[in-house]
Each structure stands twice: as structure tokens, then as C-alpha cells.
1. Apply the a/c threshold of 1.5 to the C-alpha gyration tensor of region 201-264 and tell me whether it is rounded, prolate or oblate.
2. Quick one: accessible surface of Lys236, probe radius 1.4 Å, all protein chains present, in square angstrom to the nearest 10.
3. Output the relative contact order of region 220-328, whole-number percent, from Cα pairs under 8 angstrom with separation of 6+ residues.
4. Could you work out the local net charge near Leu261, counting Lys and Arg as +1, Asp and Glu as -1, over the other residues with Cβ closer than 13 Å to its Cβ?
5. In Å², what does the accessible area per residue of region 45-129 work out to with a 1.4 Å probe?
6. With every protein chain left in place, what is the accessible area per residue of region 142-267 in square angstrom, probe 1.4 Å?
7. On a C-alpha basis, how far is the centre of region 310-362 from the centre of region 193-253 in Å? Whole number, if you could?
8. What FRET efficiency, computed as 1/(1 + (r/R0)^6) with R0 = 35 Å and r the Cβ-Cβ distance, is obtained for Arg331 and Ala155, rounded to the nearest 0.05?
Amino acid sequence: MKRASFALPLRGEPGYPPPTGLAPCPMDDAAAHFPYMFWARNEAQASAHCLSQSGMPIARAALAAAGELDLSTPPLVPLATLEGLLAQRLGIDPQRVIVTLGTTGAMHLLAWRFFPNSRVVTELPSYEPFRALPRVFGAQLRVVPRRHEQGWRLAAVQLAKALHGARRGHLFLSTPHNPTGQRATSEELREQAALAADHDGVLISNEVYLEFADPLDRNPAATLAPNAISIGSLTKAYGLGPLRVGWIVLGEGLVGERDRLMDLAFLSYVDPPTPSLALALALWERLEELRGAYALLQRDSRPILVDWLAACERLEGELFPVGLHAFPRVRGVDDTRGLQRRLSAEFGVDVVAGEFFGLPGHLRIGFGLPPDALRKALDRFGDRIVFPLHDASGGVVGLVGRQIDESKRGARWTTLPGPVAGLFNRQALAAGHDSVILVEGCFDALALEQAGADHPLRTVVRAQLRGDDLEQRGGQVGDDQGCEGWQAPAQ
């Protein structure tokens, strides 16, 4: 008889983050199948303010109160019981349900079974395995873009075009969509399954976020079409991620695939761990109670992020009704991976860069925090006057922020990366003037402008200047107060 222990330190406690034993991604992001997970295991664990999570915080109290676990029970008993409970909830035959080693295990089994020698159509932006698994299993991959101006919806005509000409073609999609939160209607899911059926294929619908919805409002694809498959888990909506308990639900026309999928599961991991299955069973009757914590976040924390997004002129996006995150576009910033690193290093805030979803220029921002903690995290972005740096075409190529409240800790000035460092200043230096005024900061440049200084391109902010810029001008700097003795940095 063993009692489960969940004694790892929480964020902000001594010893956090716990050692992972992993180094940063040992390969270039472009060469890795799943670079997001390297980031999530290493970099994301180091920041004090976590806005990168798309699920509920770990339900530590519920896990600790689950009581004694009888680990001597054969795994088949809790496994079959869980499958029966899931089937009962959906009103289907238990043979259509397979409990898996989390959502990742479910996706892996389905990709292994269906993807070889076929065409797979998926979405963009998307969670990285949606694009990686088809390649790993030798499928011909086609990617259909979701667009913000179209409400992030997938048009049937786009999917049909991507499937055209395939002897066997599958759709591999998510609803609610990760990272945007857009949710497919029942009619859309039926239409998607019909398109796949026209090409002797299946619709694989990852519905891990659908557990956030009210039970009476859920529309799993596997209950709507005979060739549809739904994937779910206890991770996102209930805070039970440590259990790694997921499931596959087969459409009624795919019951014959159960034994083939079980054979692949036996070859991969045999069964999910018995302690995980036992804890899942012990907490099954409390799932709606656990989901109640999500309802509180929707009531108290969601409006805070909605108002904050509306007040941020540089962010463009919205929150969908189901889920705990938004995916706004950052106007004028293409390198959101660099922005993410800067936010973590200088502000102690974690967000997820759009590059991990195949769409740079966006950030996934979660609100799965109590209201006060969320305000504190979002306030790390605020209290600054932001100066955009423009190129010759008027496009924003960088941002400089000046802290308003000097009583707060942290750097007074921060810069967010643009595509070319120093571009603004090189244009000034190349403008053909005999002299250029070098100042300390943006406010100094504004003061000179207000005092009647010549054309603003002749005023260069020292903090944004590169050493080779001065070398091109002979390296001459006047002994003006604020820059006395300053020299161009070595290259």
C-alpha cells in the first residue's frame, strides 16, 4: 500500500524549478521534431510569472487527498473500469474507447496506425506534433492555414483542395483549436469527416480542450461520424496532468481498429501506469468539482485579460468562449521567439512564441492564474512609454520602452528586437548630413526636437547605436554631457 506524494516545490518556493536533467534543445529548432517541449521543460520553468500554460494548474490538494492506492491490482481492472466510465458518459459501446498514455500517446498510436503511405492534411498554426507526426510516419503532409481575418475557422473548400488527388487522405485537426481556441461546430465536424471518407480516410480530432466546455455542450467528433476519432485527456481542464491519462474514442465504423491500436500500444508502452489509473478512478466522481475551479477563472481572471488585450494597441486578438488562453498578433514584431526570451529574461514573464505553432508574430498568453497573480504578471508589461523605431518605409522594426515608475525594480530602459539591430540609426547616419547629434535616450531626442533641432533623422539615440556606425563616420563624438568619454563598442 503506497500513498502518493506530490512534494515538488511550487513556483516561487525554494528549490523551484526542480532539476529536469535536460539541457536546452541540443539541436537547431528546425532540426528537432518537438522544440517546444525542450523549451517547456527548461526555459519556461525559470520565470516567476507563468502565462504560458493553456491548462489548469495541478490539482495538488485533490491528488494528495486521494487516499491510499492499492498498487497490487492488475492494470486491466482500472483500465477497463475507466473505459467503461468514459463510454457511459458518451453513451457508446466500451469497445470504442481506449485509455492511453496521455494525449501524446493517443496521437502517436493513431499516427502509427493510419499515416504511413497516406496523405495527411493538418492546420496552421498548430501544436508541433500535428506537423511532426505525419513526417515521422512517412505521410505526405499538406498544411491548411487558419487565418485571423476569417475567425481562425477552417473552410471545407480548403480541406477539399488539400485532399484532392490523394488515394488515401486523413484530416488531423483540433477543436477547440490550439493555439487560438476557435471551436468547430457539429456540422463542420461532420463535413470534415465526410471529406476524409471521400478519400478512404479518417478524421482525427484532438479534443483535449473540449473538456473545458459544459458536459451538455460537448460535441466529440467520434459521436457525430462513423469515420471520426476523438482524442481527450484529464490534463487540461482538471489539473491532472501528472497522471498522463488520455483516451481515444472510435467512431462506430472504426470499432474493428481497436485490436490493431491495442497491439501498437502493447508494443509502445503496454499499459498506462497503474498508479495513474488508480488515481484517475479515485478522482472520477470529482471531475466536475475540479472543473469548477476553471469556472472561477472564467469569472474572475478572464475579464482581466480581455480588458488588458483591448488596452494594448500593439496586440490584436480575442478570447474564444472555451479555454484559458489567447493568441494575439504583436503588431510590428516578427521575431516573437526573441521577444519571448526578452520577456522572460527582463520581466520574468513566460508566454509561448508563435514560432512554436508555425506562425511567428503571435504569442499564446494564458490566464490560468488567480486574479491578483494575473494582474501582477500583466503589470510586468505595463508602466512604460513605448517608442516605435521605424524604417524608411514606415514599418516598425523595433521598440524601446521607458519605465514610468522609477521606484519599481528592473531596468528603466528595455528594447525589443527588430529584424535588423541599429537600422534606424544607420539610416540617420547615411542621410548625408555633415554632423549627427548623439543623445542618451529617446526623451533627449524629443527634447532636442522640441527645442528646434534640425531634421529628426539627425538625432541618434546612443543605446540603439552600433559600433560600426561610428566607425563609418570616423568615430568622432563630441564631449557633450551624458556621453562624455563614450567610445564605439568593439565589434
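1. Working: a/c = 2.91, a/b = 1.35, b/c = 2.15.
Oblate, because a/c is 1.5 or more while a/b does not exceed b/c.
2. 50 Å²
3. Values: 95 pairs, mean separation 20.2, N = 109.
So the answer I get is 19 percent.
4. Values: positive: Arg96, Arg113, Arg258, Arg260; negative: Glu83, Glu257, Asp259, Asp263.
Counting the neighbours of Leu261, the net charge comes to 0.
5. 39 Å²
6. Roughly 38 Å² per residue, with all protein chains present.
7. Between the Cα centre of region 310-362 and that of region 193-253, the gap is 27 Å.
8. About 0.85, to the nearest 0.05.
The values are calculated or read from the model by the stated rules, or taken from the named source; none is laboratory data. Just so it is clear, the structure is predicted and the values come from calculations on it, not from any experiment. In this analysis, Cβ positions are derived from the backbone assuming ideal geometry, glycine residues included, and neighbour counts consider all displayed protein chains. Keep in mind that these areas ignore ligands, DNA and RNA; they rest on the heavy atoms of the full protein, side chains included. Shrake-Rupley method; radii C 1.70, N 1.55, O 1.52, S 1.80 Å.
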